[in-house]
1. Would you say residue 86 is among the charged types (D, E, K, R) and surrounded by 13 or more Cβ atoms within 10 Å (Cβ to Cβ)?
2. State all residues of the range 36-93 that are under 11 Å from the mean Cα position of the chain (by Cα), without any contact (Cβ under 8 Å) to a residue 40 or more places away in the chain and assigned to a strand (DSSP E or B); if no residue qualifies, say none.
3. For residue 106, only one of the following conditions fails: (1) exposed (fewer than 14 other Cβ atoms within 10 Å of the Cβ); (2) not basic (Lys, Arg); (3) not in a helix (DSSP H, G or I). What is its number?
4. Looking at 88, 60 in this structure, which one is touching a helix residue (DSSP H, G or I) at 6+ places or on another chain (Cβ under 8 Å), more than 24 Å from residue 46 (Cβ to Cβ) and at pLDDT below 95?
5. Looking at the range 91-103, which of the residues that are within 26 Å of residue 56 (Cα to Cα) and small (Gly, Ala, Ser) is surrounded by the most Cβ atoms within 10 Å (Cβ to Cβ)?
6. Go through the residues of the range 36-44 one by one and say whether even a single one is of a type in the set (S, T, N, Q) and exposed (fewer than 13 other Cβ atoms within 10 Å of the Cβ).
7. Would you check which residues across the range 94-147 are of a type in the set (Lys, Arg) and either under 23 Å from residue 35 (Cα atoms) or in contact (Cβ under 8 Å) with a residue 12 or more places away in the chain (or both) and list them?
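The values are calculated or read from the model by the stated rules, or taken from the named source; none is laboratory data. What you are looking at is a predicted structure, and each value in this text was computed from that prediction instead of being measured. Cβ sites come from the backbone with ideal geometry, for glycine too, and all protein chains shown count toward neighbours.
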Amino acid sequence: MKRSNSKSLVITGSIVGILVLFWISWAGGIVPQVWQVNSLLKDDPMLQEYPYKFRAVLLASGVATLTRPYDMQVAPFEFLQVIEPELAGKAPNDPAMVAALKRLRAHEARAARVAVNHTAADGVEWVLDRAWYHKHDIKLPPKTVAY
């Protein structure tokens, strides 16, 4: 490559880099808000004792998006049987399963309160933690896309 071409590439790359930095600063900068929410969740004493670790995956427009082990398509019962093996084979209305579900919901509510304690979060939205199921070799139904 000729010396003038490599010089042009360096100059063009520098200009593009400077423009990207200006755009980032104009858009509000790179703020590690998701990391901060995850740190709050990790440090909470009540959440530390629970086997499932709630995580923030996004914080935008005042809404913290947190993971949880169930959604409208995936009931929490298979998850509960993994984290509490003594529940294996129990029906959803079994008193032990109902108690485990109440514990899950209490920890979920606590995670939401902790996330909203972050100055940039006014609310919480939930997303299924598909990675948790993959890690535990549990098949999930395919994602459905609504238009």
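1. no
2. 58
3. For residue 106, the exception is condition (3).
4. The conditions single out 88.
5. Applying the filter and picking the extreme gives 100.
6. no
7. 103, 110, 113, 130, 135 - these are the residues of the range 94-147 that are of a type in the set (Lys, Arg) and either under 23 Å from residue 35 (Cα atoms) or in contact (Cβ under 8 Å) with a residue 12 or more places away in the chain (or both).
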